[in-house]
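Enquirer: Below are the structure tokens for one structure; questions will follow.
What follows draws every value from the coordinates through simple rules; no lab data is involved. Predicted model, so just to flag it, every value in this text is computed and none were measured. Cβ atoms come from the backbone with ideal geometry, glycine included; neighbour counts cover every protein chain shown.
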Amino acid sequence: MKILVINAGSSSIKYQLFDMTNECVIAKGMCDRVGQQSSTLIHKGKKDIRLEDVKMPSHVEAMKFVLDALVHAEHGVIKDLSEIKAVGHRVVLGGEDYTGSVVIDGTVMKALYANIGLAPLHNPANIQGIEACKEIMPKTPMVAVFDNAFHSTMPDYAYMYAINYDDYKKHKIRKYGFHGTSHLFVSSEAERLIGRKDLKIVIAHLGNGASMSAVKNGKSVDTSMGLTPLQGLIMGTRCGDIDSAAVEYLVNNTGMNVHEVTTYLNKKCGLLGICGFSSDFRDIEDEYEKGNDRARLAVEMFCYRVKSYVGSYAAAMGGLDCLVFTGGIGENSYIVREKVMEGLEFLGLEIDDKANKTTKRGETKLFSKGKAKAYVIPTNEEIMIARDTLRLVK
Ligand code: AMP
């Protein structure tokens, strides 16, 4: 049984083809700069290829490149598209309509369109990815796996904002949370490693986008992203938590309108805004080690906010059994893990310095000595999407 997993962004399509008999990735790749003058396809299959300067004016064209690569005589991995039994799509926001994955039909598509206003940066791209696949493979079942689904178990006092209740009801302004597939995967892995489900786990998914969650007895009870992925931690280019009055202040003092301020807070702030030269954590860490003070500030602000959420979520759950680091930064930066753990001994977290500094890329590792466990667990959102897709189409 082969399942194709699609993660469509506004100008990119990432894909992985799984053979679900052994949950093996048999091909994967990415189309980049979709909709621009010249696009790129990177494909790893029977052979690895890179096509530069190709024409992908729309997601439909890009999907054609992906499917051609999968069935190609030399670098493809399947003979015919009919071997793909279903396609699983990552969808950023299902809103309050969907609390779990669903087989995509007309009603689901209507709900996705209706939710565009709540996720204007992400849902349109996800919809384009689904429609492109439906056009080329009309008979293949498609499944939507929502980024907010895992967080649908949050209690009302955690997901509500303190705005007029009628406005919450009418406009659905509340915390939804994102990265749910990743939080579910790594919390399940932590439960498997510890051998129990009755755990209080804090997850730090630290990548270019970053979010935390509190997982009690296998359920998400709070998370740091909100109505949109702008809330919470400091991210590559997103500011995270900020006083909402700053928006009007920026409008009045910079000449930007509200839309421009929102774009600014999403694209020009965060680590990039603080250090002034890059949103990529590797560049910032390099400069930090050379003594660049703005890089130091970016790293310290980033880690301080992660640490604040660890404390907040331990308090919300009444304790902490396990802290998990995942995502590009969480998995690879021992400096971030060290700075976050510093001073958290009162929660039972005691770092094992050697284990922390010797963690290898892609490795799952325990790096604590205290009562509470600290793990690095590489995330794998794609396998969760493939598993859910298989479960629903079976
Ligand atoms: P993601 O969005 O999960 O792919 O993570 C991307 C982020 O992880 C970027 O900021 C990268 O700079 C960061 N990253 C990747 N590898 C490393 C590394 N070895 N050390 C520090 N940060 C890293």
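Enquirer: I'd like the trypsin sites (Lys or Arg not before Pro) in the range 259-345 restricted to DSSP loop residues with at most 14 other Cβ atoms within 10 Å, sorted by number.
Expert: Filter output for the range 259-345: K268.
Enquirer: Let me ask something else about it. For the residues T237, T99, what sequence is obtained by ranking on other C-beta atoms within 10 Å, fewest first? Intermediate results must be reported in sequence, preceding the final value.
Expert: On the way: T237 18, T99 15.
The fewest-first ordering by Cβ neighbours comes to T99, T237.
Enquirer: Shifting gears a bit: Just want the ordering: I329, I163, from fewest to most Cβ atoms lying within 10 Å of their own Cβ.
Expert: Listing I329, I163 from fewest to most nearby Cβ atoms yields I163, I329.
Enquirer: With +1 on the Cβ of every Lys and Arg and -1 on the Cβ of every Asp and Glu, and nothing else charged, how large is the dipole of the chain about its Cα centre, in debye rounded to the nearest 20?
Expert: It comes to approximately 760 debye.
Enquirer: Which angle from 0 to 90°, rounded to the nearest 10, does the C-alpha axis of helix 180-194 make with the longest principal axis of the chain?
Expert: It is inclined by approximately 70 degrees.
Enquirer: Taking a virtual spin label 7 Å from the Cα of K169 along the C-beta vector, which residues in the range 88-129 bring their backbone nitrogen under 19 Å of it?
Expert: 96-97
Enquirer: What whole-number distance in Å separates the alpha-carbon centres of the range 43-77 and the range 131-176?
Expert: 31
Enquirer: In debye to the nearest 20, how big a dipole does the range 194-275 give about its Cα centre with +1 on each Lys and Arg Cβ and -1 on each Asp and Glu Cβ?
Expert: With only Lys, Arg, Asp and Glu charged at Cβ, the dipole is about 500 debye.
Enquirer: I would also like to ask the following. In the chain, once you exclude exposed GluC sites (Glu not before Pro) (DSSP loop, at most 11 other Cβ within 10 angstrom), what's the longest stretch remaining?
Expert: The longest such stretch corresponds to 75-362.
Enquirer: A further question on this structure: Give me a comma-separated list of calculated 3J(HN,Hα) values for the range 155-167, in order, Karplus coefficients 6.51, -1.76, 1.60 applied at θ = phi - 60°, integers in Hz, x for any Gly or Pro.
Expert: Ordered by residue, 3J(HN,Hα) equals x, 4, 5, 8, 8, 6, 9, 7, 10, 3, 4, 5, 5 Hz.
Enquirer: Which ordering of S101, S12 is given by a fewest-first count of other beta-carbon atoms within 10 Å?
Expert: Ranked by crowding around the Cβ, least crowded first: S12, S101.
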